[in-house]
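Here's the structure, in structure tokens; my notes come after.
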Amino acid sequence: MSVTRRGLVAGNWKMHGSRAANASLVAGVRAALPAGADCVLCPPAVYLADVAAALAGSSIGLGAQDVSPEAAQGAYTGEWSGAMLRDVGCSHVIVGHSERRARHGESDALVARKTAAALAAGLVPIVCVGETLEERDAGATAAVVGRQLEAVLAGCGVEAFRSAVLAYEPVWAIGTGRTATPEQAQEIHALLRGLIRARDAIIGGSVRVLYGGSVKASNARELFAMPDIDGGLIGGASLKADEFTAIVAAVPG
Ligand code: PEP
């Protein structure tokens, strides 16, 4: 990893947890987190305020798993705005997760609008891109992730990535136990960084690109050692405090 980029690890709890389980998970993460680590926890939205309270006084960030593309309050049943996320203590929000793209039909254009809404509210968007197994097998990985990223660049401008974080999450590696090899991930991270660098060399060099897809304590170190991998977006392993904090500890210091 470049010495100029600080590693980040975000835990995506997906639709897991309960008030009791969350309290014990946060306590476990707080107790074992390496000093100075940059880390964010993303619980289900209904628990954000609870988790914000449990994180009080710590350096751990709070992230949501989704945000409305709408900035103003209004008739958007089941949605929440970036301003609301800030109001309950969020610093980050995941946008364009493959489960939202697949289950809710989120288009590249909608992901770009959500990224813009997050930025306008002062949140750090963690913008997810990634190909399915069929797309990889068809040799379309570069085209797919390039298209997903270009939509955000077109909608928000390269300036978005002064603060936004990018996450490469091959769909075939999410929750499957099948991790991309460090070389496979590095190839795509370098490609994504190159697309940003082509628009702005400084932003391309400084943007943080996380890897997500079955990261565990046992494989995190070799992934994070790659030059263009700046940390991870962690699903299943973020539900175990010891496993998650070991992943955070694998970020080169
Ligand atoms: C994710 O949910 O973004 C993810 C990467 O999940 P997992 O780590 O379980 O593969």
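Any read-out appearing in this document is the output of simple, stated calculations on the displayed coordinates, not a laboratory observation. These figures come from a predicted structure and were not determined experimentally. A quick note on method: Cβ atoms are made from the backbone with ideal geometry, for glycine too, and the neighbour counts reach across all protein chains shown.
Worth pointing out:
- Test: residue in region 94-112 that is touching a residue at least 40 places away in the same chain (Cβ under 8 Å), in contact with a Cys (Cβ under 9 Å, 6 or more places away or on another chain) and at positive phi: yes
- Cβ separations smaller than 7 Å between residues 6+ apart or across chains give the following pairs from region 142-170 residues that are more than 19 Å from GLY105 (Cα to Cα) to residues that are part of a helix (DSSP H, G or I) and of a type in the set (Ser, Thr, Tyr): CYS156/THR115; ALA160/THR115; ALA164/THR115.
- Helices (runs of 4 or more DSSP H) wholly inside region 157-253 containing at least 2 residues that are in contact with a strand residue (DSSP E or B) (Cβ under 8 Å, 6 or more places away or on another chain) and more than 14 Å from the ligand (Cβ to nearest atom): 182-199
- Hey, GLY17 in a loop (DSSP other than H, G, I, E, B), on the phi > 0 side of the Ramachandran plot and more than 16 Å from the ligand (Cβ to nearest atom) or not: no
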